[in-house]
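Undergrad: Submitted below is the structure of interest, expressed as structure tokens.
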Amino acid sequence: MTKRNQELCVLGLGYIGLPTASLFATNGFKVTGVDVNIRVVDLINQGAIHIEEPGLSTLVQAATNSGMLSAALRPVEADVFIIAVPTPITANQQADMSFVAAAANAILPVLRPGNLVILESTSPPGTTTGLLASIFAKSGLELGKDLYLAHCPERVLPGQILYELIENHRVIGGFTPACAEIARDLYASIVKGDIHVTDATTAEMVKVMENTYRDVNIALANELATIAEKVGANAWEIIRLANLHPRVNLHQPGPGVGGHCISVDPWFLVEMAPKESKLIHTARTINNAMPEFVVRKIEQLLPDPTRAKIAVLGAAYKGNVDDTRESPAIEVVHLLNKAGYNVAIHDPHVNELEYELFSAEDALDQADCVLLLTSHDEFKALDPKEFGKIMKKRLLVDTRNFLDKQVWKEANFQVHTLGDNSAGVLELIKNLT
Ligand code: SAJ
């Protein structure tokens, strides 16, 4: 196959599919992006986008203006099909592969000999050789001979997707070695990082383990935060000093783990090998319990919910993104509402939410507490001296150790940072001496 002049059909125009489709389009491939959402298709055909990601708007505009990217509701004939649809979990933490299955079935009628199909969606190990191979068997094409199939997991970080799409190393797992080689040729035209070729199941497992590694490490940091609060220590200072060791890389505690990747993918392993995944399961449980821990802290500081208004800063699952999927901030808000608090959310990145969104002024007006849940850069610019004037109580709870404590203390705020109870110990020592 010659690399450029090929036609690509990318299924799923979300955080991964849209940047991938646009990058191929601006590198000389004729790309049709497919999405089931007509609003998304219309927007992209107008050169606009429905998600926030640095640089993406410019890239999509360049791709559509050149005529190399267009969007459609249904797959068209192409040389290569890339599946980049969500792989969420059900309420019982089982992998929901219905979007992948639907995408694979949708391309069946347009498949032709010589096609390459790539699964980019993070998937439980065995998906390529199991689910996908069984669907494509219906095409009558022989896999590895008339039809090439590979898994090339996306591994890019929301917030720096475009940079990482080009620079990161890629792992490509083939249904057969020939499938992997053909997929390698394709990605070599957009990727500067090294491309490592392996089998499909290994590639699936590599991706799931990367996110699981992070989840387990965040759980360790969260456990440290809760221990530090109990024994009267500062987890953040402990992490800073421990990480000076050449072989230690403690992660950051916080209100929990969100997003559609790290909070989801470890469950794939728990589902497949429940007895063997004890640590992974425990890590998920620890991280899922963090919103509750935050709410217990608020209850200690403001025991009467009926009189307390909480100004929540941030609904997105992490700083400087607009994505609220699985966001621990939403879970905190849900629990605070359930406990009877009056909650007002401010998030400069989020436009749509199940809860009402407020300006910073309206959220903080007459509030008893500022509760920071997401580390958006904009929050650093909030002036506590000014906002202190319109609040009922000057109380800050920072769950990410993000704001400048000194500035808030100078504005007469009582400051509590998740994982830091060192003041408690200092008080204790002062009282003893
Ligand atoms: N978080 C912490 N403490 C930390 C790091 C993260 O509490 O030390 C929280 C964040 O606030 C957020 C969640 O964890 O709620 C996940 O954030 P993240 O930035 O670690 O990761 P994602 O979900 O945005 O992207 C991850 C990345 N995976 C890895 O770094 C191994 C990315 O490379 C993947 O492509 C992406 O998942 C994906 O799509 O699978």
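Undergrad: Look through GLU142, GLU229 and report the one residue that is within 30 Å of ASP420 (Cα to Cα) and either of a type in the set (D, E, K, R) or away from the ligand (no atom under 16 Å from the Cβ) (or both).
TA: Details: GLU142 fails: within 30 Å of ASP420 (Cα to Cα).
After ruling out the rest, the residue left standing is GLU229.
Undergrad: If you don't mind, another one. Tell me, which helices (runs of 4 or more DSSP H) lie completely within the stretch 134-231 with 3 or more residues that are within 26 Å of the chain's Cα centre (by Cα), surrounded by 21 or more Cβ atoms within 10 Å (Cβ to Cβ) and in contact (Cβ under 8 Å) with a residue 40 or more places away in the chain? Give the derivation first.
TA: On the way: elements: 161-167, 177-187, 200-231.
In the stretch 134-231, 200-231 are the helices (runs of 4 or more DSSP H) which contain 3 or more residues that are within 26 Å of the chain's Cα centre (by Cα), surrounded by 21 or more Cβ atoms within 10 Å (Cβ to Cβ) and in contact (Cβ under 8 Å) with a residue 40 or more places away in the chain.
Undergrad: Could you grab me the full set of residues in the stretch 261-275 that are assigned to a loop (DSSP other than H, G, I, E, B) and either within 17 Å of ALA219 (Cα to Cα) or near the ligand (Cβ under 6 Å from one of its atoms) (or both)? Outline the logic, then answer.
TA: From the stretch 261-275, those assigned to a loop (DSSP other than H, G, I, E, B) are 261-264, 273-275; that's our starting set.
Those that are assigned to a loop (DSSP other than H, G, I, E, B) and either within 17 Å of ALA219 (Cα to Cα) or near the ligand (Cβ under 6 Å from one of its atoms) (or both): CYS261, ILE262, SER263, VAL264.
Undergrad: Here is a follow-up. Could you grab me the full set of residues in the stretch 62-88 that are touching a Ser or Thr at 6+ places or on another chain (Cβ under 9 Å) and either in a strand (DSSP E or B) or of a type in the set (D, E, K, R) (or both)?
TA: Once the filter is applied, which keeps residues that are touching a Ser or Thr at 6+ places or on another chain (Cβ under 9 Å) and either in a strand (DSSP E or B) or of a type in the set (D, E, K, R) (or both), the stretch 62-88 yields LEU69, SER70, ALA71, ALA72, ILE82, ILE83.
Undergrad: Out of the stretch 336-361, which residues are more than 12 Å from ALA308 (Cα to Cα) and either aromatic (Phe, Trp, Tyr) or over 22 Å from the mean Cα position of the chain (by Cα) (or both)?
TA: Step one: of the stretch 336-361, the residues more than 12 Å from ALA308 (Cα to Cα) are 338, 345-361.
Across the stretch 336-361, the qualifying residues are LYS338, TYR355, GLU356, PHE358, SER359, ALA360, GLU361.
Undergrad: Over 20 Å from the mean Cα position of the chain (by Cα) and either within 11 Å of ALA311 (Cβ to Cβ) or of a type in the set (Val, Ile, Thr) (or both): does that describe LEU364?
TA: Details: over 20 Å from the mean Cα position of the chain (by Cα): yes; either within 11 Å of ALA311 (Cβ to Cβ) or of a type in the set (Val, Ile, Thr) (or both): yes.
Yes.
Undergrad: Condition check: within 16 Å of the ligand (Cβ to nearest atom) and under 18 Å from ALA411 (Cβ atoms). Does LEU372 satisfy that? Before you say what the answer is, go through the steps one by one.
TA: Numbers: within 16 Å of the ligand (Cβ to nearest atom): yes; under 18 Å from ALA411 (Cβ atoms): yes.
So LEU372 fits the description; yes.
Undergrad: Is it the case that some residue within the stretch 1-14 is of a type in the set (D, E, K, R), buried (at least 20 other Cβ atoms within 10 Å of the Cβ) and modelled with pLDDT under 95?
TA: Looking only at the stretch 1-14, we keep the residues that are of a type in the set (D, E, K, R), and these are 3-4, 7.
Narrowing the set further to residues that are buried (at least 20 other Cβ atoms within 10 Å of the Cβ) leaves none.
Checked against the condition, which is being of a type in the set (D, E, K, R), buried (at least 20 other Cβ atoms within 10 Å of the Cβ) and modelled with pLDDT under 95, the stretch 1-14 yields no hits at all.
Undergrad: Looking at the stretch 93-111 only, could you name the residues that are surrounded by fewer than 21 Cβ atoms within 10 Å (Cβ to Cβ) and touching a Leu at 6+ places or on another chain (Cβ under 8 Å)?
TA: Passing the criteria: MET97, ALA101, ALA106.
Undergrad: While we're on this one: Need the failing condition index for VAL208 against (1) of a type in the set (A, V, I, L, M, F, W, C); (2) within 13 Å of the ligand (Cβ to nearest atom); (3) closer than 20 Å to ASN421 by Cβ, just the number.
TA: (3)
Undergrad: Here's another thing I want to ask about it. Give just the number: which of (1) within 16 Å of the ligand (Cβ to nearest atom); (2) in contact (Cβ under 8 Å) with a residue 40 or more places away in the chain; (3) charged (D, E, K, R) does ARG240 not satisfy?
TA: In the conditions (1) within 16 Å of the ligand (Cβ to nearest atom); (2) in contact (Cβ under 8 Å) with a residue 40 or more places away in the chain; (3) charged (D, E, K, R), ARG240 misses (2) alone.
Undergrad: ASP323 - would you say it is acidic (Asp, Glu) and within 11 Å of the ligand (Cβ to nearest atom)? Break it down stepwise before answering.
TA: Working: acidic (Asp, Glu): yes; within 11 Å of the ligand (Cβ to nearest atom): yes.
Spelling it out, ASP323 is indeed acidic (Asp, Glu) and within 11 Å of the ligand (Cβ to nearest atom).
The values are calculated or read from the model by the stated rules, or taken from the named source; none is laboratory data. Keep in mind that what you see is a predicted model, and the values were worked out from it rather than measured. With ideal geometry, Cβ positions are generated from the backbone for all residues, glycine too; neighbour counts draw on all protein chains shown.
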